[in-house]
There are 2 protein chains.
Amino acid sequence: MTDIATRVWNHKWKIDPIVRSLIDTDFYKLLMCQSVFRNKRDTQVTFSLINRSTSVPLAHLIDEGELREQLDHIRSLSLTRGESTWLRGNTFYGKRQMFRPDFMEWFENLRLPDYHLERVGDQYELTFEGSWPEVMLWEIPALAVLMELRGRAVLNQMGKFELQVLYARAMTKLWEKVEKLREVPELRIADFGTRRRHSFLWQDWCVQAMLDGLGPAFVGTSNCLIAKNRDLEAIGTNAHELPMVYAALAQDDAALAQAPYDVLADWHEEHEGNLRIILPDTYGTEGFLRNAPDYLAGWTGIRIDSGDPATGAEVAIKWWQDRGEDPRNKLVIFSDGLDENKILELYQQFAGRVRVSFGWGTLLTNDFRGLTPDNGLAPFSLVCKAVRANGNPTVKLSDNPNKAMGPEAEIARYKRVFGVGDQAAMDVVV
Amino acid sequence: MTDIATRVWNHKWKIDPIVRSLIDTDFYKLLMCQSVFRNKRDTQVTFSLINRSTSVPLAHLIDEGELREQLDHIRSLSLTRGESTWLRGNTFYGKRQMFRPDFMEWFENLRLPDYHLERVGDQYELTFEGSWPEVMLWEIPALAVLMELRGRAVLNQMGKFELQVLYARAMTKLWEKVEKLREVPELRIADFGTRRRHSFLWQDWCVQAMLDGLGPAFVGTSNCLIAKNRDLEAIGTNAHELPMVYAALAQDDAALAQAPYDVLADWHEEHEGNLRIILPDTYGTEGFLRNAPDYLAGWTGIRIDSGDPATGAEVAIKWWQDRGEDPRNKLVIFSDGLDENKILELYQQFAGRVRVSFGWGTLLTNDFRGLTPDNGLAPFSLVCKAVRANGNPTVKLSDNPNKAMGPEAEIARYKRVFGVGDQAAMDVVV
């Protein structure tokens, strides 16, 4: 029987919007946004989309008009009453009223600022300028739009039947991962895959698969809309943009060296418990921990997001031990380039020595590798980062020189200030 | 959006009927039925369901009440106007009005006769008695009902999500077969999988997969309802029940020896071209061909349905050569226990020497092997055969002693009359 209403619904959209809600974003974006709103509200920033996979010619694959339609649609979104009620009333990380009334009032009135889109060769230059708390909310939807439009370009070439088989295969592939993971019921895994997901519906399916297959080993999703719709925990803490912008605002080298700790001092004031997670790699993990103030060792844990993850975890364990902390009470969150085998390997290596948790991203929500003849749906490395703050360029070093960003001279300066020596280069897959 | 109408539709059935149409059956049943209607209309027969896989305890798995409901529903069916129009007006095997008006009139008024159902240990004894043209139409729906009810018993234990993954896996599995097969575009394959299908919807999906994936290499389906709905060729010729019943009606050994040829004489009168396919194995292929009248060598081809298929084809090739026929003009249809590898192997072996075609059954429409933990959806060997005709028991020998049926003394007599010596026993998978 044909469902006429659904058909009409699907055709009444001029476009088929990829992002339909302002909370179809990562939870940590909202936490950071509130922090920025409170501490650095008037900072002027520029965010820019960077395709690290230059072999994927986005401007050839994606029509500029369609891209603009999707971005324009996002600019038309505002928080719905239900979304606002959820943000105001829900318990996050065990805390009621995580989002304060002044922030919520601001959020309820927010429309995302304008974007600047230009085609440069076979890539797009997509930038967002304005006040930090507004511009920062573009990151996740912009990435999701680009990823999905590129996917649609491939899907549009496929027949109805091929599509059905494609999704059957993708489901089978994910379910085989779930079956592997559920052999270790002590795992703790969250979905971190919003930004590079195949599509919203697919991410939602992946979350259901994890929930159904892993039970309590699946601890939640970073996607607020899915967390709300499915009554799951919204997961996430903070990201590199905080130290990157704080650092760019520093007036001199001394202030620069202090900037990453300023970020965590602000965070410390606002959050406790499982939200006190150090992200140490922005300007090199070793130097960061070496110079860290004592109170940081009292934080709950650390997130390892670049470099060799096992090495990063060992460094953290040693650091806690040196500071008189028992690592077995500490949480290590792995979130860089994970797949099921890496998850199991890291778990086996560190279970018992620290508490271990995983933020599983792209290869959870977008593993279509090998499912189309020319691999046209394989995920690729797209990021959207703060590149300027109040006129100064930002810099990211991380623990992998292949992930470094910023003007050369500034990178050199940051390396000097933060005492970063030689780093092992690692391929950036996603 | 919820499709309320579909929901209401699905709930308005007291049961969810497995067979919803009298033409949800194999095409050869209708061809044979017309032949029987013309030549042996008043023969009284008994058909009986036999589960050759005694390890599958059907009476434990299937509720007797539910089974009765399904069978009763089939008894309530009659030919719809659209079905009748299709049978009367469609071209089958290049011929208009394949079904004659007197037969169609009879068929339009037909309701299937009563059944006798009894539980015996962990199996059901299900028999049908009455005039041959009526009773014979029970075979396919009865098999489909038993197969599907057993499947439902397993599916009922599964969650919504497990079901989705199950079908995703089954789709992936079939599609991988299709991808293997389409590397040889010269293949000719038909769906013969109605009787032991997983379900009607699944068979229909399999047919679409074959159509989409194989294009002209997929020549049609034995299922009349699917052929009608999807405008495909209905495929099929004749089966063992004709020689089995003709043989049971024979008055003495001489008549018995002649019975299989009488069947084909009647068929010869009615059909030509690609419908003139010999099914030689009912009482042993070698003896059948040795004693066959000359005109049979002029028929289009042969169907190999038991024994080692390559051996069977070699025997046929040699027979044609001995009778002065060029095997390259002849058609060999393989239809026993095929899977994609067997199909490719037989094709490689015989392409160029004869015309080759495949009737792919159970492992096309019901390959759920390995997809549930205890393999509870694996297909099994269920048949529904004529066991008596006008009071005499029927006998089937075939080219595999494991497929032999009938009272011991009668089997011995048939072996003597048809000169059947030692036979190689082969496992009956499906």
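The values are calculated or read from the model by the stated rules, or taken from the named source; none is laboratory data. None of the values given here were measured: they were computed from a predicted structure. Neighbour counts are summed over all protein chains in view; Cβ atoms, including those assigned to glycine, are modelled from backbone coordinates with ideal geometry.
One table, with the values for the structure above:
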item: Flag if B:L58 is touching a helix residue (DSSP H, G or I) at 6+ places or on another chain (Cβ under 9 Å), under 25 Å from B:F380 (Cβ atoms), buried (at least 18 other Cβ atoms within 10 Å of the Cβ) and outside the structural domain of B:H271 (by TED's automatic domain parsing); result: yes
item: Tally, over the stretch A:49-84, of residues that are within 29 Å of A:G406 (Cα to Cα) and either within 21 Å of the chain's Cα centre (by Cα) or part of a helix (DSSP H, G or I) (or both); result: 19
item: Count of residues meeting criterion [within 25 Å of A:G220 (Cβ to Cβ) and not hydroxyl-bearing (S, T, Y)] in the stretch A:63-100; result: 19
item: Residue list for the stretch B:197-218, filter: more than 13 Å from chain A (Cβ to nearest Cβ), touching a Phe, Trp or Tyr at 6+ places or on another chain (Cβ under 9 Å) and either over 15 Å from B:A170 (Cβ atoms) or part of a strand (DSSP E or B) (or both); result: none
item: Helices (runs of 4 or more DSSP H) completely within the stretch B:286-400 that count 2 or more residues being of a type in the set (V, I, T) and at pLDDT 95 or above; result: B:309-322, B:362-365
item: Cβ-Cβ under 7 Å pairs, at least 6 apart or on other chains, the stretch B:401-415 side within 15 Å of B:A257 (Cβ to Cβ), far side among the basic types (K, R); result: none
item: Residue check, A:K95 within 14 Å of another protein chain (Cβ to nearest Cβ) and charged (D, E, K, R); result: no
item: Any hit, the stretch A:63-84, residues being among the polar types (S, T, N, Q) and in contact with a His (Cβ under 7 Å, 6 or more places away or on another chain); result: no
item: Selection from the stretch B:381-402 of residues that are surrounded by 21 or more Cβ atoms within 10 Å (Cβ to Cβ) and closer than 27 Å to B:R188 by Cα; result: B:L382, B:S398, B:D399
item: Whichever residue in the stretch A:154-193 is among the small types (G, A, S) and either buried (at least 21 other Cβ atoms within 10 Å of the Cβ) or closer than 19 Å to B:G370 by Cα (or both) and, among such residues, is nearest to the other protein chains (Cβ to nearest Cβ); result: A:A168
item: Qualifying residue in the stretch A:276-294 (condition: surrounded by fewer than 20 Cβ atoms within 10 Å (Cβ to Cβ) and within 14 Å of chain B (Cβ to nearest Cβ)); result: no
item: Test result for B:T194, in contact with a strand residue (DSSP E or B) (Cβ under 6 Å, 6 or more places away or on another chain) and either free of Cβ contacts under 8 Å to residues at least 12 places away in the same chain or closer than 16 Å to B:A378 by Cα (or both); result: yes
item: Residue among B:W132, B:W106 that alone is at pLDDT 95 or above, more than 26 Å from B:G65 (Cβ to Cβ) and in contact with a helix residue (DSSP H, G or I) (Cβ under 6 Å, 6 or more places away or on another chain); result: B:W132
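Condition check ((1) buried (at least 17 other Cβ atoms within 10 Å of the Cβ); (2) in contact (Cβ under 8 Å) with a residue 12 or more places away in the chain) across all residues:
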{"residue": "B:W299", "(1), (2)": "yes, yes"}
{"residue": "B:S306", "(1), (2)": "yes, yes"}
{"residue": "B:A316", "(1), (2)": "yes, yes"}
{"residue": "B:Q321", "(1), (2)": "no, no"}
{"residue": "B:N329", "(1), (2)": "no, yes"}
{"residue": "B:V332", "(1), (2)": "yes, yes"}
{"residue": "B:A351", "(1), (2)": "no, yes"}
{"residue": "B:T362", "(1), (2)": "yes, yes"}
{"residue": "B:D374", "(1), (2)": "no, no"}
